[in-house]
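Encoded as structure tokens, the structure appears first; notes follow it.
The values are calculated or read from the model by the stated rules, or taken from the named source; none is laboratory data. Note that the structure is a prediction, hence the values are computed from the model and not measured. Here Cβ is always computed from backbone atoms with ideal geometry, including for glycine, and neighbour counts include all displayed protein chains. Heavy atoms of the whole protein, side chains included, go into the accessibility calculation; ligands, DNA and RNA do not. Shrake-Rupley method; radii C 1.70, N 1.55, O 1.52, S 1.80 Å.
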Amino acid sequence: MKSQPRIFSGIQPSGNLHIGNYLGAIKQWIDLQQTYETIFCVVDLHAITVPQDPDELRRRTIEIAKIYLAAGIDPNRSTLFVQSHVHEHAELGWILNTIARMGDLEKMTQFKDKIGIKVSHLGEIARNWSEDISKTKEDILNEIWNNDSRKIETAGVGLFDYPVLMAADILLYDIAAVPVGDDQVQHVELARTLARRFNKRFGETFIVPEAKVQKEGARIMGLDNPMKKMSKSASSEYNYIALMDDPEAAKKKIMKAVTDSGSEILYADDKPALKNLINIYSLLGALSTEEVVARYAGKGYVDFKRDLAEVVARFLVGFQEKFRAISDDEALRILHDGARKAREMASRKMREVREKVGFVSEMD
Ligand code: TYM
């Protein structure tokens, strides 16, 4: 039998998984099981780059595995495992650290976002200026620079280095593609850079994989602010619909979601809130965005939101029913089987990597 190309992806067991994670990542994984050999991971080593309560981390790790299964990841088709169970991830991460450059990582927007420094300071400079015109441009830049430096000094090294470990995840399994949401594309680019750099220095070792991003679910925006992506770490629970949200509470969140000015249901870039809600409707309701728009011609926001709330609640009820039917023991058994399969693949690759780098091989 001809072997299928492989894909790999993962989610961190931190915060509440939301419909953005589902629509941007997990939903496409389900379909990809038909055409690819699929490997999915719960990336606990990544989760500890920010402080985690140990018991909570353990609980969430199993919860994510159950979410994968309830969403439709089939353990007979896919390899499902926990990152820390396969030590090769950390080992390759270390080796890749030795070829990654500070400059590669300094470019990463997610790191800046997580420690709270702006990618572009233009807005801040303009605001500062308008608030106090006696300041010179140099004063303002110095203030911003000092502020950013303080944040960088106290940021965790693991958080900074996070994309290198992600590159190790991606490169260990000779995969063709990485199905992710839009926010992870820059990290996949880094994995590609490191693969090419390693191959150039040590000879052909790693396949250079592609990021695989869906058109509509790639960036689900916050319900309370359509200019920022829906996020597990958002300060308000009105930002997201968690997969484990009570369906009635989720309906209320939809009814409270921010909308744009106007009254027509239009799918357009200058109506970002509506566009986001239409995307969610389309993906969860199995309709095209055009069909959603056509259905609400001549109707207003209230009708649209009430129906969307129903679509979301129906999805959650079905999903949570499947989630509850899976026991922790069953999930753990699947994760242990998955780790065994993943370890086999990863250890083969690491043998090659150690040899290329020049490590003396262990006695069998
Ligand atoms: P994480 O845990 O933040 O997110 C998991 C997946 O969900 C996607 N996603 C979204 N998609 C659409 N709209 C949103 N608002 C939204 N928010 C999140 C993410 O793009 C991601 O696909 N670094 C990764 C985890 C990781 C990984 C890997 C992924 C570690 N190693 C190797 C792929 C391959 C992360 O933090 O994802």
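Here are a few things to note about the model shown:
- At R0 = 45 Å, FRET efficiency that the Cβ-Cβ distance of ASP53 and THR136 yields, to 0.05: 0.45
- Region 262-304 - Debye-derived log10 I(q)/I(0), Cα point model, q = 0.13, 0.25, 0.27 Å⁻¹: -0.22, -0.84, -0.98
- Legend: helices of the chain (whole DSSP H runs) are marked when their alpha-carbon atoms reach 20 angstrom or more along the helix axis and their mean Kyte-Doolittle hydropathy is at least 0.0; marked are 157-171.
- Label-zone membership for region 248-273, site ASN225, 7 angstrom Cα→C-beta point, backbone N under 14 Å: 258
- Amide H contacts of LYS212 (H built 1.01 Å from N, in plane; Pro and chain starts excluded): VAL178, VAL180 sit under 5 Å, all sequence-distant by 5 or more or on other chains.
- Loop-resident sites, region 268-364, for GluC sites (Glu not before Pro), counting at most 11 other Cβ within 10 Å (DSSP): GLU362
- Theoretical FRET efficiency, 1/(1+(r/R0)^6), r = Cβ-Cβ of LYS252 and HIS87, R0 51 Å, to 0.05: 0.70
- In percent, rounded to a whole number, the relative contact order of the chain is 23, using alpha-carbon pairs under 8 Å and six or more apart.
- Under 5 Å, built H, 5+ apart or other chain: amide partners of ILE220: MET230
- If the segment from PHE359 to ILE152 were pulled out straight at 0.36 nm per residue, it would be longer than the present Cα-Cα gap by 71.1 nm.
- Estimated [θ] at 222 nm from DSSP helical runs (n ≥ 4, -39500 (n - 2.57)) normalised by residues in the chain, nearest 500: -17000 deg cm²/dmol
- Separation of the ILE115 and LYS322 label points, Cα + 7 Å toward Cβ, nm: 4.0 nm
- Once the 1.4 Å probe is applied to the protein heavy atoms, the chain comes out at 51 Å² accessible per residue.
- Surface composition of the chain: carbon and sulfur atoms hold 51% of the protein heavy-atom accessible area at a 1.4 Å probe.
- Cα-only Debye scattering, the chain: base-10 log of I(q)/I(0) at q = 0.10, 0.14 Å⁻¹: -0.71, -1.25
- The slack between THR289 and ARG196, meaning 0.36 nm per residue of separation minus the straight C-alpha distance, is 29.6 nm.
- Most fluctuating residue given options ASN225, ASN16, ASN76, as computed from a GNM of the chain linking Cα atoms under 10 Å: ASN76
- Note: relative contact order over region 255-336, using C-alpha pairs below 8 Å and six or more positions apart, is 28 percent.
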